[in-house]
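Every number in this text was worked out from the coordinates using simple rules, so none of it is lab data. Quantities reported herein were computed from a predicted structural model and do not represent experimental measurements. Here the Cβ is made from the backbone with ideal geometry for all residues, glycine too, and neighbour counts use every protein chain on show.
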Amino acid sequence: MSIRGGQMLQGEQIKLEQNNQGFSGFKIDLWKYQGEMGALIPLLQSAQETYGYIPESAIDYISEIVEIPSADIYGVITFYSQFRLKPMGKNLIKVCDGTACHVNASTEIIKTIENELQIGNDETTEDGLFTLQKVACLGCCSLSPVIMINDETFGRLTPKKVQQLLNEYRGKTE
């Protein structure tokens, strides 16, 4: 994927074509890692940082750069929990399901959120406002059950309080 003797190779043509499809910020990082061993993870991180997730077109693009089949790249993405293949909602809801929260009815909190938003774990609402993630622990055991919405923590929750919070966030982001 380099220019040899003044000629543009096939991968370079892909880079230029995809630059017109929204790869402009991402392109700079690809040049930085081109031909470097061990570049896959930094490139995936760069794609996710650029788009908020790793789109299929970016995977194909990275495949050309690092000369690793797309299927193998998907294997890496699905192995590491830090990577996402779908866009996140504007509001990320993390629901603690650790021991203290579980004992204090976090399952009811999770059911309330799922019913209110019509999504399951690791899903995003159709309007793109919310993404739900169950997590092992948020470190706020004395406030259980606990959720985080973006960077705000809410504790000692009841299903009714959760419904109020969701309505409040809907109002903020619509």
note = Honestly the stretch 78-170 on the Cα gyration tensor test (a ≥ b ≥ c root eigenvalues; a/c under 1.5 rounded, otherwise a/b vs b/c for prolate or oblate) is just oblate
request  = Describe numerically, in nm with one decimal, the distance between label points set 7 Å from Cα along Cα→Cβ at Gln163 and at Lys86.
outcome  = 2.6
Overall form of the stretch 54-119 per C-alpha gyration tensor (a/c, 1.5; a/b vs b/c) = prolate
task = For Asp122 and Lys172, compute 0.36 nm times the residue count separating them, minus their Cα-Cα distance, and round to one decimal in nm.
result = 15.8 nm
query = Which stretch or stretches of the stretch 136-174 have amide N atoms under 14 Å from the point lying 7 Å from Glu108's Cα along the Cα→Cβ direction?
reply = 144-146, 156-163
